[in-house]
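Asks: Below: one structure in structure tokens.
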Amino acid sequence: MWRGWLWPLVLVLGVAAVLWAAYRPRPLVVEVAQVETGRFEQVLEEDGRLRLRDRYVLHAPVPGELLRPTLRVGDAVRQGQVVAELVPVAPQLIDERTRQVLVQRVGSADAARQAALAQEARAEAALSQARSDAGRARRLADAGFTSAAAREQAEQALVVADQAVRAAQAQRRSAEFGLAEARAALAAVEPAQGPGRSSGLPLRSPVDGLVLKLHQDSAGPVAAGQPLLDVGDTAALEAVVDVLSTEVGEIAAGAAVRLSVGAAAPALTGRVQRVEPVAFTKVSALGIEEQRVNVIVELEQAPQAGLGDGFRVEARIALSAQEGVLLVPAAALVREGTGWRVFVVEEDRARARPVRVRDRHAAQAWVDEGLSAGETVVLYPGSLVTDGQRVRLQEAR
């Protein structure tokens, strides 16, 4: 009799088992990481650039004609090497009439000088005669052969003659200056002739280094003070990192800095040399005006070949550091009210556990309560992971 209902019971149980296997909750595949003990650093990440510690800009000392430069950007130069050459400005062209006027002006000035020389000689002769007369009157007055008034008159004539000589000498010097001025005006419009013609003015490099910029790469006229080229030593570089003015107070002089110059190049290390005491306005990529401050970083080693002035770097400035603390990935933290919690994997289940976070940054968090080293936590738990959820581990890549 029982055989009549045994097979239907077996069939029902088999169907129920298949349905349960098909619709039972499956473990959630999660990415996990281990809680570790190590060094926690609070860093400030900003973009910066390399620049020369010393940059030299060579200017034209006088107006002239720049000869075509033979150097190019990147060429090496030695201290004292000629890097540019100036030729004095050509004299101004004038017509024959103006030239004759200048020539006659030179002749007139020379004649005035000759007249001043003659006047000076005349005054000196009069002075000599006045000295003789004064001496004679003094001797006669002492012997009682002439009056005191005659003696005083002779001495006064001597003083007048001396002043006349001084005036004649001043007139002669004025005439000489006038002649020199007239000759200089004539020389300014007459080109130099023969072997005495003025040569170029060489400009020399002040240091060993490289040519960084040519302000003028062809021959042409230049004005006094015009920049011609930049020279500098690319082995002596420093980094300039601009940070928000609200974050400058956390940066201390001497703080360690790590500079990334590219994926294929090793990172550079340095120290904060100084924080500039003046801020400037910079517009961010979102169009927001920000007040930023330059932080100067001194490199601890010479930069590798291929780096130069103006190269972009990614800087990580250490604000604080703590050794031997419990570290958990920041991706494992979940906000819970005013605190934090993580999901710890225990026997293939995710268990919610509150933790106390001392400090954190984008990559890691420093936890001092709620976790132990070696425990496994769920990364990026989201809303699908709940307390007691069955999980299947997938190691973080």
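Please treat every number below as a calculation from the coordinates, not as lab data. Quick caveat, the model's predicted, so the values are computed rather than measured. Ideal geometry is used to build each Cβ from the backbone, glycine not excepted, and the neighbour counts take in all protein chains shown.
Asks: Roughly how tilted is helix 3-23, in degrees to the nearest 10 and between 0 and 90, from the longest Cα axis of the chain?
Replies: It works out to around 10 degrees.
Asks: Answer rounded, prolate or oblate for segment 34-126, using the Cα gyration tensor with square roots of eigenvalues a ≥ b ≥ c: rounded when a/c is under 1.5, else prolate when a/b is larger than b/c, else oblate.
Replies: prolate
Asks: Need one word for segment 257-377: rounded, prolate or oblate. Basis is the Cα gyration tensor (sqrt eigenvalues a ≥ b ≥ c); a/c below 1.5 gives rounded, then a/b vs b/c decides.
Replies: prolate
Asks: Which Rg and Dmax, in Å, describe the Cα atoms of the chain?
Replies: 47.4, 193
Asks: So, in Å, what gap is there between the alpha-carbon centers of segment 106-135 and segment 237-303?
Replies: Centre-to-centre distance over Cα atoms comes out at 78 Å.
Asks: Where Lys and Arg each count +1 and Asp and Glu each count -1, what net charge lies around residue 367 among other residues with Cβ under 12 Å from its Cβ?
Replies: Around residue 367, the charge tally is 0.
Asks: Grab the DSSP H runs of the chain that are 4 residues or longer, score each as -39,500 (n - 2.57), total them, divide by all residues and round the 222 nm result to the nearest 500 deg cm²/dmol.
Replies: -10000 deg cm²/dmol
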